[in-house]
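Every read-out reported here was derived from the displayed coordinates using simple, explicitly stated rules and does not represent laboratory data. Everything numeric in this text was worked out from a predicted model, so none of it was measured. No Cβ is skipped: glycine too gets one built from the backbone with ideal geometry, and neighbour counts run over all protein chains shown.
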Amino acid sequence: MSARPVEQKVTLQDLKRAIDNKEFELHYQPKVSMVTGEITGAEALIRWRKNDGTLVPPMDFIPLAEESDFIREITRYVFGRLVVDCAVISAVNSSLAVSFNASGKDFHDEKLTEIIVEAVNSRLIDAAKLEIEVTETVLVDEGCARKCLDQLAEIGIPIAMDDFGTGHSGLVELSKWPFSILKIDQKFIRGLNESAKDREILQASIRMAHQLNMDVVAEGIEDEETYRVLQEYGCRTGQGYWISKPLPFLEFILFLKQYKNLPAMPIGLLYMAQLDHIQWRKTLIDTALFLHGSGENRELKNLRGSPELQHTACKLGLWYYDAGRVFSDVESYRQLEQPHMELHAIGKDLLQAARDHCSMTELAALIQQLSEKSLQVLEVLQALENSLHVDQYSVPEPLAE
């Protein structure tokens, strides 16, 4: 019996030849809104298909590319392919956003940034429909990388922190960078059913990202149970093999045309709305006490962290008049608007009285009135949550195996 041939190790020359021969291609893994069940975008993932049809796994060549800095050539090649593919994707579904992965080394100079900015300015691609995913390694370069990402964010490109939880960065540190999306590493997603610690980390990450106005994407969803749990936690977007594996471009286009919505269940965002409301109430009372104790007539607009006084613009209001509309046929949802409007009216009176240095008796009475109305709002929210049942949603079979 003859021995099996020893597989040749990939060399830098092989990678350069692959670029010259246009052997790299993009596969697309769909992302789904866990609020509406609709497909919202996809992540572009590089694949190397040799001329003989052999598919080389990314793990066999990406580490070498990273070590040699050739990853920068690959990223620029990927972006060029992405621009072409996105023209077709947009024609099929103009609302989809497509993300691609960039290395920290891609931002050691401004070359990639200049290419992306030029493509946006030339209207080859819509900034709002493009997302860039970077790993924690980008944080090492406080100079050029920060400047590049700031520039890309300024022209409207969402920047995602990929594989969050695998390194040492916290959300507070991430808030100093122009990240608007947080991708939770799939090891926490896959550990949901076995590890209480992973569940706590996941919930805390989602809540904190929510407070920082960052969207959360969960990757590695491999079963319906995980999908449901993430919905309840308030995660907005998901991807994984249960939804679809990464697909070659033409298969992805077919997927878009055949896709049937997964179950919509904004109950997780309802839970977040309750937390937002409690935080709003605390902030408003703290602000009132500060104003009352201050010897100056401070303008609210000049106060850092002052609460939103328009009932349509606070986080609860934004939820109510947007994602929450899915519950418009539920009586408790309709009962929420009036007490919420009254709550904000009391909040305005409270801050005005505090600013005018009213008596402590009057201040205490207004705080009591605010708290009672707040409890009424929370009771309605709880009633809405209690009226929802998971089994009212039907789950279609995922299209991809």
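Comparing Asp52, Asp60, Asp14, which has the greatest mean-square fluctuation in the GNM of the chain with Cα pairs linked when under 10 Å apart? Evaluated over the chain, the most mobile residue of the options is Asp52.
What's the local net charge at Ile125, with K and R +1, D and E -1, over the other residues with C-beta under 15 Å away?
Working: positive: Arg76, Arg81, Arg123, Lys129; negative: Asp85, Glu114, Glu118, Asp126, Glu131.
Overall, the nearby charge balance is -1.
At full extension, Arg298 and Arg146 could sit 51.2 nm farther apart than now, given 0.36 nm per residue minus the alpha carbon distance.
Measuring r between the beta carbons of Asp52 and Arg76 and using R0 = 30 Å, the FRET efficiency lands at 0.70. Of all DSSP-defined beta bridges confined to the chain, some 40% are antiparallel rather than parallel. Backbone geometry of the range 278-288 corresponds, through the Karplus equation with coefficients 6.51, -1.76 and 1.60 at θ = phi - 60°, to 3J(HN,Hα) couplings of 4, 5, 4, 4, 4, 4, 5, 5, 4, 5, 4 Hz, x marking Gly and Pro.
With a ≥ b ≥ c the root eigenvalues of the C-alpha gyration tensor of the range 33-145, is it rounded (a/c under 1.5), prolate (a/b larger than b/c) or oblate? Taking the square roots of the gyration eigenvalues as a ≥ b ≥ c, the range 33-145 is oblate.
Ranking Phe79, Ile132, Gln29 by Cα position along the charge dipole of the chain, where only Lys, Arg, Asp and Glu carry charges on their C-beta atoms, puts Phe79 farthest toward the positive end. Multiplying the residue separation of Ile115 and Met360 by 0.36 nm and subtracting their alpha-carbon distance yields 82.1 nm.
Charge dipole (Cα centre; +1 on Lys/Arg Cβ, -1 on Asp/Glu Cβ; no other charges) of the range 184-252 amounts to roughly 200 debye. Multiplying the residue separation of Ala345 and Tyr321 by 0.36 nm and removing their Cα-Cα distance gives an extension gain of 6.8 nm. Here the simple spin-label model places points 7 Å from the Cα toward Cβ, and for Leu124 and Ser371 these points are separated by 6.1 nm.
With both labels modelled 7 Å from their Cα along Cα-to-Cβ, the Lys16 to Gln258 distance reads 4.3 nm. Close amide-amide hydrogen proximity is noted between Glu131 and Val98, Ser99, Phe100, each under 5 Å apart and 5 or more residues distant or on a separate chain (H modeled in the peptide plane; Pro and chain starts excluded).
Using the Cα centre of the chain as the reference point, and only Cβ charges (+1 on K/R, -1 on D/E), how large is the resulting charge dipole? Debye, rounded to the nearest 20.
So the dipole magnitude of the chain works out to roughly 380 debye.
Amide H contacts for Lys31 (H built 1.01 Å from N in the peptide plane; partners 5 or more residues away or on another chain; cut-off under 5 Å): Thr40, Gly41, Ala42, Glu43. Across the range 47-59, rounded Karplus estimates of 3J(HN,Hα) from the backbone phi angles (6.51 cos²θ - 1.76 cosθ + 1.60, θ = phi - 60°) give 9, 10, 10, 5, 4, 8, x, 5, 9, 8, x, x, 5 Hz, Gly and Pro being marked x. The calculated FRET efficiency for Lys282 paired with Asn193, based on their beta-carbon distance and R0 = 41 Å, is about 0.75. Using the rule -39500 (n - 2.57) for each DSSP H run of four or more residues, divided by the residues of the chain, the 222 nm mean residue ellipticity is -14500 deg cm²/dmol. Computed on the chain, with alpha-carbon pairs under 8 angstrom and 6+ residues apart, the relative contact order is 15 percent. Here the peptides 71-77, 87-93, 108-114, 131-137 are ranked by packing, the mean other Cβ count within 10 Å, and the order with the highest first is 131-137, 71-77, 108-114, 87-93.
Whole-Hz Karplus values for the range 103-113 come out as 8, x, 5, 5, 10, 6, 9, 9, 4, 4, 4 Hz, taken residue by residue from phi with 6.51 cos²θ - 1.76 cosθ + 1.60 and θ = phi - 60°; glycine and proline positions read x.
Could you rank the peptides 225-235, 342-352, 288-298 by their average count of other C-beta atoms within 10 Å per residue, with the highest value first?
Output ranking for 225-235, 342-352, 288-298: 225-235, 342-352, 288-298.
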